[in-house]
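This report concerns only the one structure given below.
The values are calculated or read from the model by the stated rules, or taken from the named source; none is laboratory data. Only a predicted model underlies this, so the values are computations on that prediction, with no experimental measurement involved. Please note: Cβ atoms are built from the backbone with ideal geometry, for glycine as well, and neighbour counts cover all protein chains shown.
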Amino acid sequence: MSHHYRINGSMLQQFSGKPVSIIGTVSKVHPTGNVIDLETSDKQHIVVRSTERVAVDAGSIIEVLGNVDNRNQIICDSVITFEPEQTANFDMDMYNQAVLLFQHYPQDYLVNL
Amino acid sequence: MASQRLTTGALLRYIRGNTTEKANLQVVGIKPIESKTDDPSGSAKRYRLMLSDGKSTFSSCMLGTQMNKLIETNTLKENSIIRIDRVMVNSIDKQNGRVMLMLYEIEVVESDFERIGDPIALPLTDIINSEPNTNRLEATTNNPPAAPAAAPVTNVIRQGAKALPTLDDRKKPNGGNRAAAAKGTNVIDKERVINIDTLNPYMNKWTIKARISNKCPIRTYENARGPGKLFSCDLVDKSGEIRATGFNAECDRLYSMLEIGEVYYITKASLKAANRQYNTTNSDYEMTFNHDTIVEACDVGEGENIPQVQYNFISISEIANRAANSVCDVIGVVKSTSDMQTIVSKASQKEFSKRDILLVDEKASISATLWGQQAEEFDGSSHPVIAFKAIKIGDFNGRTLSVSNSTLMRQDPTETERTVELRVWFDNEGKLMDLPDLSKAGEAGNRPTVMKTLSQVITEGIGLGDKPDYVSVKAVITIIKKDTAVYMMCPEGKCSKKVVDENNGTYRCEKCNKTYNSFKWAYMISAEISDTASAQWITIFRNEAETLLGVSAEEFGNHKLNQSESIVDEIISKAMNRELIFKLRAKAEQYNDERKIRFTCVSITEMDWPSHGRRLLNEINQMEPVQN
């Protein structure tokens, strides 16, 4: 399994073509089920496309693993959903700060294990 | 408004140094850039804008970070019209056309708009040639009185009313004469006075007009390079404050010159990211006086609109989250005042007189200690509002405050509205309220302890002192000695001694000097805990052990008696390999000739990941960032 870089909405362009992991809140699921609007940890709205239907609820927090395409959208390989109890205390703003830290100090945060 | 016109030609005029103009410009591009700067908070993004004045575009316009939210809330976006209220030019490499416009204050005039005109990028030649004196000489830093010939100051090229910044002239041989620092009003460019909150390490020429709100006495130190001395002071203007330090030669030169309460023009000092541990100013940066620094006293009357002091208050309850020996600014009402006390320092056998006051705010209270003359003169009978700047935090019995040499104490300060807020609150309800007191730890379990790693615990000698130390660690149990987890304890209420099994149904307690027909199982678990740094054996008793294993000592003992290995193993394994917060008491004990530290577990709590994350972020923010 290749390593995924944890990013937020503003970093999409930087990571074009690279495998990424994005955590965010589902703002809208398109009727087809293949396209999700995701609000990322830095309050950006991005589009996630999947080949299969993704069963997520609007308002839930998910983690998307995939690649950034040249339209600044995520082509997702897999989606990780969480139990409500798991995300009840999740501090999205703090996660965003963590993501920024990973970028600032890449030598201190291992990605390739 | 229908006809929103842009100020054509403004971009070139800005680049030429005419920065007083308040132009209307259109945003034609926004790009977030990675901020690999000295920014200690690590989370400030910088936006780079491409602006158009209708005729030309310029792409190197940096938006001040305090306005980031305009972009993040989509108020400022592509095609928005903005009015520039404050801008400065930053010449990285003027001769090659590399300049930047720093947008310090803007106003979004129209959020949504169509693209105006068909602007084209400003030609490089225009930028390079935008000043008349194209063969500018290397700059000299100041105007020494003994300078040969009457060369006008060549580092400042005047064009109109404003001067252009120059290349970094710190690298040039410095012909400066130190005496010029004290006089020579022609050296300080008073027209270039900027706010303290706009200072950053990338600016080449700036002048500030600031009041010395606090000055610490000269301290000597010794490091690898030998002995040295330093002093530091806080500089305040209406935009904010910044800490400035002078070392060795600068210390000698400037310490006596800078008087607390007076206002000075200061220019040419180094700027770097602030060391948050010792610096409670809310500036991202701190200043170091260097041998180019020029300081000039303001004339009487010139400093009138500079405030006396800048406070960065935290609430009293927040002090619980701060580390001991750090400093903070705090304000509260004096609820009670103790009498004068005299204590003798164990270390120096010297006598100190002190007075404790109980400081309260709307949510908590804390004890603060005043010393010497300040303590003697203090009168808290009117329950005044007291503000402390840079008061030291101690961890005796929880959290306490102590005035130090660099602390500033003000009674009923007028610079902050907190004074009135607190006064009103106290007079109406506060004086009757019983607030949580940070200086009363109560049981050991309530003591807010510092978090350390297990290797820090050893290297910092925790527990080696006369009294026991308390520390918290985030660790995992890696070994539990299950065979000795419980012991047979004397059934007598207060006695907890181990009894001897006489193997005939009776049990002898040597301490009580009695034989009993029964015993009680009691926990005394020897366990090894490990974290990322090291491992340590600790002992876990009674309640904590029961919390950990989830079964009473009695139940565990019975399983042991019944030799139900698998049940015991299951109980043990549930406790292992889970990250928990262990609050430990470390106490040195003498074993024959050896002095060893024994660690006892005072409490075990589950991880609270959000607060742990916040603690880590706080610690990271306090560390000095790696200089690139």
Tell me, please, whether a residue that is surrounded by 13 or more Cβ atoms within 10 Å (Cβ to Cβ), assigned by the TED database to the domain that holds B:ILE480 and assigned to a strand (DSSP E or B) can be found in segment B:548-568. no
Quick one: would you say A:GLU52 is more than 14 Å from chain B (Cβ to nearest Cβ), surrounded by fewer than 17 Cβ atoms within 10 Å (Cβ to Cβ) and either in contact with a helix residue (DSSP H, G or I) (Cβ under 8 Å, 6 or more places away or on another chain) or part of a loop (DSSP other than H, G, I, E, B) (or both)? yes
Within segment B:100-112, is even one residue in a strand (DSSP E or B), small (Gly, Ala, Ser) and in contact with a Lys or Arg (Cβ under 8 Å, 6 or more places away or on another chain)? no
Looking only at segment B:17-53, which residues are buried (at least 17 other Cβ atoms within 10 Å of the Cβ), away from chain A (no Cβ under 14 Å) and either modelled with pLDDT under 90 or under 26 Å from the mean Cα position of the chain (by Cα) (or both)? B:GLY17, B:ASN18, B:THR19
Selection from segment A:59-108 of residues that are of a type in the set (Ser, Thr, Tyr) and either at the interface with another protein chain (Cβ under 10 Å from one of its Cβ atoms) or closer than 20 Å to A:ASP42 by Cα (or both): A:SER60, A:THR81, A:THR87, A:TYR95, A:TYR105
Scan B:SER338, B:SER367 and give me the residue that is closer than 23 Å to B:VAL420 by Cα and touching a strand residue (DSSP E or B) at 6+ places or on another chain (Cβ under 9 Å). B:SER367
Take the residues in segment A:73-98 that are more than 13 Å from A:ILE22 (Cα to Cα) and either surrounded by 15 or more Cβ atoms within 10 Å (Cβ to Cβ) or touching a strand residue (DSSP E or B) at 6+ places or on another chain (Cβ under 8 Å) (or both); name whichever of them is modelled with the highest pLDDT. A:PHE82
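Listed residues A:GLN86, A:GLN103, A:GLN14; which is among the polar types (S, T, N, Q) and assigned to a loop (DSSP other than H, G, I, E, B)?
A:GLN14
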Which of the numbered conditions does B:GLU589 fail, given that it passes all the others? Conditions: (1) assigned to a helix (DSSP H, G or I); (2) surrounded by fewer than 17 Cβ atoms within 10 Å (Cβ to Cβ). (1)
Do we have B:LYS560 as in contact (Cβ under 8 Å) with a residue 12 or more places away in the chain, away from chain A (no Cβ under 14 Å) and over 37 Å from the mean Cα position of the chain (by Cα) here? yes
Every listed condition ((1) within 14 Å of chain A (Cβ to nearest Cβ); (2) farther than 30 Å from A:ASN89 by Cβ) holds for B:SER611 save (2)
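From the list B:THR293, B:THR220, B:THR245, B:THR288, which residue is free of Cβ contacts under 8 Å to residues at least 12 places away in the same chain, part of a strand (DSSP E or B) and more than 20 Å from B:PHE388 (Cβ to Cβ)?
Selected residue: B:THR220, the only one of B:THR293, B:THR220, B:THR245, B:THR288 that is free of Cβ contacts under 8 Å to residues at least 12 places away in the same chain, part of a strand (DSSP E or B) and more than 20 Å from B:PHE388 (Cβ to Cβ).
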Out of segment B:433-466, which residues are crowded, with 17+ Cβ neighbours inside 10 Å, more than 14 Å from B:PHE396 (Cβ to Cβ), aliphatic (A, V, I, L, M) and modelled with pLDDT under 85? B:LEU435, B:ILE462
Does segment B:402-414 include one or more residues that are more than 24 Å from the chain's Cα centre (by Cα) and surrounded by 18 or more Cβ atoms within 10 Å (Cβ to Cβ)? no
Can B:SER603 be described as within 14 Å of another protein chain (Cβ to nearest Cβ) and either part of a strand (DSSP E or B) or without any contact (Cβ under 8 Å) to a residue 12 or more places away in the chain (or both)? no
Could you please find all residues in segment A:55-81 being closer than 28 Å to B:THR73 by Cβ and in a loop (DSSP other than H, G, I, E, B)? A:VAL56, A:ASP57, A:ALA58, A:GLY59, A:SER60, A:ASP69, A:ASN70, A:ARG71, A:ASN72, A:GLN73
Can you find even one residue in segment A:29-46 that is among the acidic types (Asp, Glu), crowded, with 16+ Cβ neighbours inside 10 Å and within 11 Å of chain B (Cβ to nearest Cβ)? yes
Please tell me if A:ILE22 is touching a Gly at 6+ places or on another chain (Cβ under 6 Å), away from chain B (no Cβ under 14 Å) and touching a residue at least 24 places away in the same chain (Cβ under 8 Å). no
Those residues that are modelled with pLDDT of 85 or more and out of contact with any Leu (no Cβ under 9 Å at 6 or more places or on another chain), I need them from segment B:273-296; list them, please. B:ASN290, B:HIS291, B:ASP292, B:ILE294, B:GLU296
Within the bounds of segment B:468-484, is there any residue that is within 26 Å of B:ILE357 (Cβ to Cβ), among the charged types (D, E, K, R) and out of contact with any Leu (no Cβ under 7 Å at 6 or more places or on another chain)? no
When you scan segment B:330-396 for strands (runs of 3 or more DSSP E) that lie fully inside it, which ones turn up with 3 or more residues that are in contact (Cβ under 8 Å) with a residue 12 or more places away in the chain, farther than 19 Å from B:GLY430 by Cα and outside the structural domain of B:PRO468 (by the TED database)? B:351-360, B:365-371, B:385-394
